[in-house]
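These notes concern the structure reproduced below.
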Amino acid sequence: MRKRSFGVAAGLVAAALVLSGCAGGGDGGDGAGGGDGDKPYIALVSKGFQHQFWQAVKEGAEQAAEEFDVEITFEGPDTEADVDQQLQQLQTALDKGPDAIGFAALDSQAAGPYLQQAQDAGIPVIAFDSGVDSDIPVTTAATDNKAAAAEAAKHMVELVGGTGKIALVVHDQTSVTGVDRRDGFVEYIEENAPDIEIVDIQYGGGDQLKSTDLAKAILQANPDLKGIYGSNEGSAIGVVNAVTELGLEGQLTVIGFDSGQAQIDAITSGLMAGAITQNPVGIGYETVKAAVEALDGKELPKSIDTGFFWYDETNIEDPEIQAVLYE
Amino acid sequence: MRARLRGQIQQLLAFASLIAIVVFFSIANDRFLTWANVTGILLAATVVGLLALGTTFVIITGGIDLSIGTGMTLSAVMTGVFLTYLGMPLWLGVILAILFGGLLGLINGVNVAVLKIPPFIATLAMMLVAAGLSLVISGTAPIYFKETPDFVRLATGSLIPGIRFPNGVLIFIIVAIVAGVILKKTLLGRYTFSIGSNEEATELSGVNVTKWKIAIYTFAGLFTGLAGVLLASRLSSAQPALGMGYELEAIAAVVIGGTSLQGGKGSIVGTVIGALIMAVLTNGLRIMSIPQEWQSVAVGAVILIAVYLDILRRKNA
């Protein structure tokens, strides 16, 4: 009971602050941090936690939390197949009564009732990383994976000289990122490079060892392969391992996705021609920033493109690239 | 005598299926039976194969070990800790990592034999503990082996001059022979079978079952440790998020090899063949560019057929 009345009081205070912020012009920023030292609380539920990528997203979220003086928590399931675990984390986050929620859905459909619950409670939802197939989220902060994969394909076409056989090692065939990074690549090739033949597309679940073994099988089956593309960190590293284990260094073009120390090393040493990096720090940052803006009552665009970059030997040391790579 | 003959027939059957699969893929794709691909298959079988070798002992006792997958990951992470964080010499770090796997086995053994926690639960708990600890110890980031560049050669280098035969495969062959001898010729092996056939009778005949069970789980843990070392070597890094699900592949290899989940029956030769069947099947299907979805279906079907054939054979015998 006490908790509820406190919540109502806090809501009133927040509303009053927003109003006074509008009235007072420039005072809005101070108001958000005021409220008797009670910072707004934003709960983020991501698609993963243990991978480097998600740690970088978390880092960006923490940066924004410090900058805008809000409190955040960051959680995610063990693997990207654990839809159930993610929903439980979302439920727990809702139970804590946050001011806003950041959510990267593993399964938009399954998350529907929970998002409805958030909407009913007046908690703004910010989708991040991949779109949530629902009109409840006020905005989506994500990489345009299809455009990013098309960029990878463009470089592949240039590097293999517009002709020959290539193959894809993709992390999975069901998630939005897996599908977009495959389709963006394949569609670009089909439309722009009729002389390039995609001989195989295999899925390694992002597991380095499995991706290594399957990339080896692809290379065995197609000795005249000219290029191979790995759609995320684990897949790309698998391809690099396969090339090294078979002693094919320098004989074909390897293009990766995301970063991580091993991939950075492979690019520096010339084993990998280059890779696309998303901006994971930016994803985390923009998500929290959007949440703060939503709490301040600002209008937000339907989607926030957090951007991507192509990096290779020539620009890997650029500060702009270094800022978005993670080790 | 008849039992022995039966065992040999079973192994012959498993071996024949392996040959049949190999012949099938060789005809289906002329790239299958190349030296590079064959050594590739053997190397792919190594990590899961090592896990399967260790767990064969546990399964013969009538137990199960679900912690081998993430235990392997934790051992890989510990290899990183020993070699990269603590800067130990290569040989010492590797030995300590293998012993660390043994320590995980020891804890499993105590939980099962002394605390009487059912193996499924005890090792399920250990599976989760090991998965979590891998992330905690590594700080959720992969550990690289920059200080010990030779470490990578442990799995993928080639000791035999002139031929590309990965050391990892050599290690697997040697370890499999050692495991086979221990299971057949030593007290540890004999008690493994005897506990699995009839634990009570073994106890009544004066054998300290508690002590031997702990010994068996600890021994099996050493294989988990070695698998972790080879995994880390092959990926030139300890990847803390990997490992979940590897235990099921290992158990599948053991079962395809004719070892009974009821305990009391099994062989190392069978397990090696089981691991090879799994590796040949995945490689062959990939080389033929069969979609991933169907690869899983095929592997599942092979497990069913293998186990059903085993049941049929036992009924007829």
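Name the residue, out of A:175, A:134, that is at pLDDT below 90 and not assigned by TED's automatic domain parsing to the domain that holds residue A:238.
A:134
I want to confirm something. Restricting to segment A:197-206 and keeping residues that are more than 16 Å from residue A:172 (Cβ to Cβ) and among the β-branched types (Val, Ile, Thr), which single residue is farthest from the other protein chains (Cβ to nearest Cβ)?
A:198
Quick check on residue B:257: is it touching a Lys or Arg at 6+ places or on another chain (Cβ under 8 Å) and crowded, with 21+ Cβ neighbours inside 10 Å? Spell out the reasoning first.
Details: touching a Lys or Arg at 6+ places or on another chain (Cβ under 8 Å): no; crowded, with 21+ Cβ neighbours inside 10 Å: yes.
Considered against the rule, which asks whether it is touching a Lys or Arg at 6+ places or on another chain (Cβ under 8 Å) and crowded, with 21+ Cβ neighbours inside 10 Å, residue B:257 comes out as no.
Report whether or not residue B:140 is polar (S, T, N, Q) and surrounded by 19 or more Cβ atoms within 10 Å (Cβ to Cβ).
Values: polar (S, T, N, Q): yes; surrounded by 19 or more Cβ atoms within 10 Å (Cβ to Cβ): no.
No: the conditions fail for residue B:140.
Restricting to segment A:243-266, name every residue that is over 23 Å from residue A:144 (Cα atoms) and not polar (S, T, N, Q). Break it down stepwise before answering.
Going through segment A:243-266, the residues over 23 Å from residue A:144 (Cα atoms) turn out to be A:243-253, A:261-262, A:265-266.
A:243, A:245, A:246, A:247, A:248, A:249, A:250, A:252, A:262, A:265, A:266 - these are the residues of segment A:243-266 that are over 23 Å from residue A:144 (Cα atoms) and not polar (S, T, N, Q).
Out of A:99, A:172, A:144, A:120, report the one residue that is of a type outside the set (Ser, Thr, Tyr), free of Cβ contacts under 8 Å to residues at least 40 places away in the same chain and open to solvent by 10 Å² or more (accessible area, probe 1.4 Å). Please lay out each step first, then the result.
Details: A:99 fails: free of Cβ contacts under 8 Å to residues at least 40 places away in the same chain; A:172 fails: free of Cβ contacts under 8 Å to residues at least 40 places away in the same chain; A:144 fails: free of Cβ contacts under 8 Å to residues at least 40 places away in the same chain.
Only one candidate passes the filter, namely A:120.
If only one of B:185, B:213 is of a type in the set (Lys, Arg), at negative phi and open to solvent by 40 Å² or more (accessible area, probe 1.4 Å), which one is it? Even if it seems obvious, please write down each step before you answer.
Working: B:213 fails: open to solvent by 40 Å² or more (accessible area, probe 1.4 Å).
Criteria check complete, one pass: B:185.
Could you count how many residues in segment B:144-157 are β-branched (Val, Ile, Thr) and more than 10 Å from chain A (Cβ to nearest Cβ)?
Start the filter on segment B:144-157 by keeping residues that are β-branched (Val, Ile, Thr), which leaves B:148, B:152, B:156.
Now restrict to residues that are more than 10 Å from chain A (Cβ to nearest Cβ): B:148.
Within segment B:144-157, residues that are β-branched (Val, Ile, Thr) and more than 10 Å from chain A (Cβ to nearest Cβ) number 1.
If you take the residues of segment B:15-38 that are part of a helix (DSSP H, G or I), farther than 22 Å from residue B:309 by Cα and open to solvent by 10 Å² or more (accessible area, probe 1.4 Å), which of them is farthest from the other protein chains (Cβ to nearest Cβ)?
In this case the residue turns out to be B:27.
Can you pull out the residues in segment A:207-237 that are more than 9 Å from chain B (Cβ to nearest Cβ), open to solvent by less than 20 Å² (accessible area, probe 1.4 Å) and within 23 Å of the chain's Cα centre (by Cα)?
Listed by number, the residues that qualify are A:211, A:228, A:229, A:230, A:231, A:235, A:236.
Would you be able to tell me the number of residues in segment B:145-167 that are basic (Lys, Arg), at pLDDT below 85 and within 24 Å of residue B:86 (Cβ to Cβ)?
1
Looking only at segment B:106-125, decide whether some residue is of a type outside the set (Asp, Glu), within 13 Å of chain A (Cβ to nearest Cβ), within 22 Å of the chain's Cα centre (by Cα) and surrounded by fewer than 24 Cβ atoms within 10 Å (Cβ to Cβ).
The answer is no; no qualifying residue exists.
When segment A:193-206 is examined, which residues are found to be among the charged types (D, E, K, R) and either open to solvent by less than 20 Å² (accessible area, probe 1.4 Å) or outside the structural domain of residue A:152 (by TED's automatic domain parsing) (or both)?
So in segment A:193-206, the residues among the charged types (D, E, K, R) come out as A:195, A:197, A:200.
Correct list: A:200 only.
Would you confirm, using the coordinates I've provided, whether residue A:249 is open to solvent by 20 Å² or more (accessible area, probe 1.4 Å) and in a helix (DSSP H, G or I)?
Against the criterion (open to solvent by 20 Å² or more (accessible area, probe 1.4 Å) and in a helix (DSSP H, G or I)), residue A:249 does not qualify.
If I ask for residues that are of a type outside the set (Gly, Ala, Ser), over 26 Å from residue A:132 (Cα atoms) and buried (at least 23 other Cβ atoms within 10 Å of the Cβ), which ones from segment A:274-325 would you list?
The one that is of a type outside the set (Gly, Ala, Ser), over 26 Å from residue A:132 (Cα atoms) and buried (at least 23 other Cβ atoms within 10 Å of the Cβ): A:311.
So which residues in segment A:118-157 are out of contact with any helix residue (DSSP H, G or I) (no Cβ under 9 Å at 6 or more places or on another chain) and of a type in the set (Asp, Glu)?
Once the filter is applied, which keeps residues that are out of contact with any helix residue (DSSP H, G or I) (no Cβ under 9 Å at 6 or more places or on another chain) and of a type in the set (Asp, Glu), segment A:118-157 yields A:120, A:135.
For residue A:178, indicate whether it is crowded, with 24+ Cβ neighbours inside 10 Å, within 19 Å of residue A:48 (Cα to Cα), of a type outside the set (S, T, N, Q) and in contact with a His (Cβ under 7 Å, 6 or more places away or on another chain). I'd like the intermediate steps shown before the answer.
Values: crowded, with 24+ Cβ neighbours inside 10 Å: no; within 19 Å of residue A:48 (Cα to Cα): yes; of a type outside the set (S, T, N, Q): yes; in contact with a His (Cβ under 7 Å, 6 or more places away or on another chain): yes.
No, not satisfied.
Counting only residues that are within 29 Å of residue B:302 (Cα to Cα) and open to solvent by 10 Å² or more (accessible area, probe 1.4 Å), which one in segment B:236-246 is nearest to the other protein chains (Cβ to nearest Cβ)? Step through it out loud before you land on a result.
Taking segment B:236-246 and keeping what is within 29 Å of residue B:302 (Cα to Cα), we get B:241-246.
From what's left, open to solvent by 10 Å² or more (accessible area, probe 1.4 Å): B:241-242, B:244-245.
Numbers: B:241: 4, B:242: 6, B:244: 7, B:245: 8 Å.
My answer is B:241.
Of the residues in segment B:47-74, how many are open to solvent by less than 10 Å² (accessible area, probe 1.4 Å), farther than 13 Å from residue B:220 by Cβ and out of contact with any Lys or Arg (no Cβ under 8 Å at 6 or more places or on another chain)?
5
Of the residues that make up segment B:57-70, is at least one under 30 Å from residue B:260 (Cβ atoms), within 14 Å of chain A (Cβ to nearest Cβ), modelled with pLDDT of 95 or more and in a helix (DSSP H, G or I)?
Here is the first cut: in segment B:57-70, the ones under 30 Å from residue B:260 (Cβ atoms) are B:57-70.
With within 14 Å of chain A (Cβ to nearest Cβ) added as a condition, the list becomes B:69-70.
Now narrow it down to the ones that are modelled with pLDDT of 95 or more: B:69-70.
Still in the list and also in a helix (DSSP H, G or I): B:69-70.
Checked segment B:57-70: at least one residue is under 30 Å from residue B:260 (Cβ atoms), within 14 Å of chain A (Cβ to nearest Cβ), modelled with pLDDT of 95 or more and in a helix (DSSP H, G or I).
Looking only at segment A:68-93, filter to residues that are assigned to a helix (DSSP H, G or I) and without any contact (Cβ under 8 Å) to a residue 40 or more places away in the chain; which one of those is least open to solvent (accessible area, probe 1.4 Å)? Break it down into steps so the answer makes sense when it comes.
Here is the first cut: in segment A:68-93, the ones assigned to a helix (DSSP H, G or I) are A:68, A:83-93.
Narrowing the set further to residues that are without any contact (Cβ under 8 Å) to a residue 40 or more places away in the chain leaves A:83-85, A:87-88, A:91-92.
Details: A:83: 41, A:84: 101, A:85: 56, A:87: 20, A:88: 108, A:91: 53, A:92: 69 Å².
By that ranking, first place goes to A:87.
I need the full set of residues from segment B:158-170 which are in contact with a helix residue (DSSP H, G or I) (Cβ under 8 Å, 6 or more places away or on another chain) and either open to solvent by less than 40 Å² (accessible area, probe 1.4 Å) or within 14 Å of another protein chain (Cβ to nearest Cβ) (or both), in order please.
Taking segment B:158-170 and keeping what is in contact with a helix residue (DSSP H, G or I) (Cβ under 8 Å, 6 or more places away or on another chain), we get B:158-160, B:164-169.
Selection gives B:158, B:164, B:165, B:166, B:167, B:168, B:169.
The values are calculated or read from the model by the stated rules, or taken from the named source; none is laboratory data. The structure presented is a predicted model; accordingly, all values stated were derived computationally and were not measured. Note that we place each Cβ from the backbone using ideal geometry, even for glycine, and neighbour counts take in every protein chain shown. Quick note on the areas: whole protein, heavy atoms, side chains included, nothing else; ligands and nucleic acids left out. Shrake-Rupley method; radii C 1.70, N 1.55, O 1.52, S 1.80 Å.
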